[in-house]
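Participant: First the structure, which I've put down as structure tokens, then a few questions once you've had a look.
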């Protein structure tokens with residue numbers, strides 16, 4: 001049987017090249033459904049990027065502490081944790097298309113709820129709206145990620161999902177860019193109208209998401225199926241999985257990675273505005289040299305200037321880092337690249353804690369470049385060599401995103417009592433553990 005596979009492999013590769021990346025074995029093109037699904041990656045990336053503007057905005061408008069503002073991220077990641085399982089069961093019964101439409105409707109519903117939440121003028125209603133948005137995003141991610149892998153030849157699955165993920169990175173850039181323009185760039189108001197700059201962008205988002213949902217509803221998506229081997233894992237006891245030290249450390253590393261990334265995202269604007277005096281004028285001077293683009297995004301206050309640095313410097317670095325990392329992994333072992341990047345980020349966090357002016361700001365947004373490959377690399381290392389335990393191991397690694405729920409409140413609490421720079425000891429410790437995990441994978445099993 002193995003000989004047969006080896007002999008037919010060249011023929012199969014030629015067939016794949018002939019069919020193309022987005023064609024079924026019968027020659028049918030999957031370009032249109034793939035384009036539709038790829039738009040979802042942009043939408044949820046934008047939603048995540050916009051979220052990073054809200055922490056500082058709520059501190060300014062509701063006069064809440066940094067620890068309390070950390071519950072913005074808590075609401076999102078708890079929503080993911082709560083909804084991921086039900087979303088998978090829903091799609092198993094009703095299919096990808098129904099799951100996508102459900103996710104879009106929840107997303108839009110949560111966005112529209114920002115309007116009544118603004119009239120309450122309290123923090124909790126906004127958190128409830130964000131939780132519903134998170135439930136919608138969880139549905140979209142649960143559907144879109146595997147769906148891209150089956151819209152064409154199996155050999156092209158990795159290329160398709162990586163291409164779609166690049167639009168997710170673009171959304172992360174646009175989120176703080178547009179959020180800074182509309183939320184921090186709007187004229188400050190008082191009374192019932194103080195949340196107008198916040199509610200309008202979310203109402204626009206809700207309308208766009210509804211349009212996308214209608215397009216999906218009236219589009220005929222192919223009912224493709226991926227190979228399913230879940231029945232193998234159902235028989236494997238959890239105790240067998242826990243015997244694999246590399247997997248257990250991977251779950252911890254993934255939890256800490258998401259915690260670190262979310263913590264940096266949440267307090268990026270806080271740290272930059274507190275570190276640099278005259279930030280608005282400094283960034284404004286740079287934007288003046290960018291012509292018409294610079295005039296559109298000319299900062300009106302330090303918060304908007306910081307959101308520009310987050311969008312272009314931070315999220316831009318993350319996007320470039322993901323593309324570069326995908327290429328360099330052809331030549332460097334995953335655990336070695338992960339260890340190097342984690343060590344560099346540990347050192348960069350030291351510079352952030354030392355509060356060295358622009359050097360600390362550059363160090364802070366540079367961490368995004370080195371964070372870019374961490375999630376998929378930890379995931380791949382965590383499931384490597386687990387055989388029939390792979391499916392169950394994957395589910396635990398996905399659940400590890402809950403780290404993003406707990407880190408921002410902890411960092412906020414530290415910042416309230418010891419200052420913003422001290423809070424970055426938390427991601428510093430997270431990156432140090434990831435470096436240890438990567439080195440342990442190199443010792444325990446050659447990759």
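The values are calculated or read from the model by the stated rules, or taken from the named source; none is laboratory data. Owing to the predicted nature of the structure, the values given are computational and were not obtained by experimental measurement. For neighbour counting, all protein chains shown are included, and Cβ atoms are generated from backbone atoms with ideal geometry for every residue, glycine included.
Participant: Confirm whether residue 70 is within 19 Å of residue 206 (Cα to Cα) and either without any contact (Cβ under 8 Å) to a residue 60 or more places away in the chain or surrounded by 20 or more Cβ atoms within 10 Å (Cβ to Cβ) (or both).
Facilitator: no
Participant: Any residue at all in region 41-63 that's in the same structural domain as residue 100 (by TED's automatic domain parsing), in a loop (DSSP other than H, G, I, E, B) and modelled with pLDDT under 85?
Facilitator: The answer is yes, given that some residue of region 41-63 is in the same structural domain as residue 100 (by TED's automatic domain parsing), in a loop (DSSP other than H, G, I, E, B) and modelled with pLDDT under 85.
Participant: I'm told residue 370 meets every condition in (1) crowded, with 19+ Cβ neighbours inside 10 Å; (2) modelled with pLDDT of 90 or more; (3) under 26 Å from residue 65 (Cβ atoms) except one. Can you identify the failing condition by its number?
Facilitator: (3)
Participant: As an exercise: evaluate residue 281 against (1) surrounded by fewer than 16 Cβ atoms within 10 Å (Cβ to Cβ); (2) in contact (Cβ under 8 Å) with a residue 24 or more places away in the chain and give the number of the one condition it does not meet.
Facilitator: Condition not satisfied by residue 281: (2).
Participant: On to the next question. Among the helices (runs of 4 or more DSSP H) lying completely within region 380-447, list those that include at least 2 residues that are at pLDDT 90 or above.
Facilitator: Filter on region 380-447 gives 403-418, 420-423, 425-444.
Participant: Which one of the conditions (1) over 19 Å from residue 412 (Cβ atoms); (2) surrounded by fewer than 22 Cβ atoms within 10 Å (Cβ to Cβ) does residue 104 fail to meet, given that it meets all the rest?
Facilitator: (2) is the only condition that residue 104 fails.
Participant: Which is surrounded by 20 or more Cβ atoms within 10 Å (Cβ to Cβ), closer than 22 Å to residue 257 by Cα, modelled with pLDDT of 90 or more and touching a helix residue (DSSP H, G or I) at 6+ places or on another chain (Cβ under 7 Å), of 338, 351, 343?
Facilitator: The conditions single out 338.
Participant: Please determine whether any residue of region 84-102 is in contact with a helix residue (DSSP H, G or I) (Cβ under 6 Å, 6 or more places away or on another chain) and over 24 Å from residue 217 (Cβ atoms).
Facilitator: no
Participant: Residue 171 passes all but one of (1) over 12 Å from residue 304 (Cβ atoms); (2) at pLDDT below 80; which number fails?
Facilitator: Only one criterion is unmet by residue 171, namely (2).
Participant: Next up: Take residue 112 and tell me if it is modelled with pLDDT of 80 or more, surrounded by fewer than 24 Cβ atoms within 10 Å (Cβ to Cβ) and within 24 Å of the chain's Cα centre (by Cα).
Facilitator: yes
Participant: Follow-up. Residue check: is residue 122 buried (at least 22 other Cβ atoms within 10 Å of the Cβ), modelled with pLDDT under 90 and in the same structural domain as residue 216 (by TED's automatic domain parsing)?
Facilitator: The answer is no for residue 122.
Participant: Taking the stated definitions as given, is residue 213 crowded, with 17+ Cβ neighbours inside 10 Å and at pLDDT below 80?
Facilitator: Considered against the rule, which asks whether it is crowded, with 17+ Cβ neighbours inside 10 Å and at pLDDT below 80, residue 213 comes out as no.
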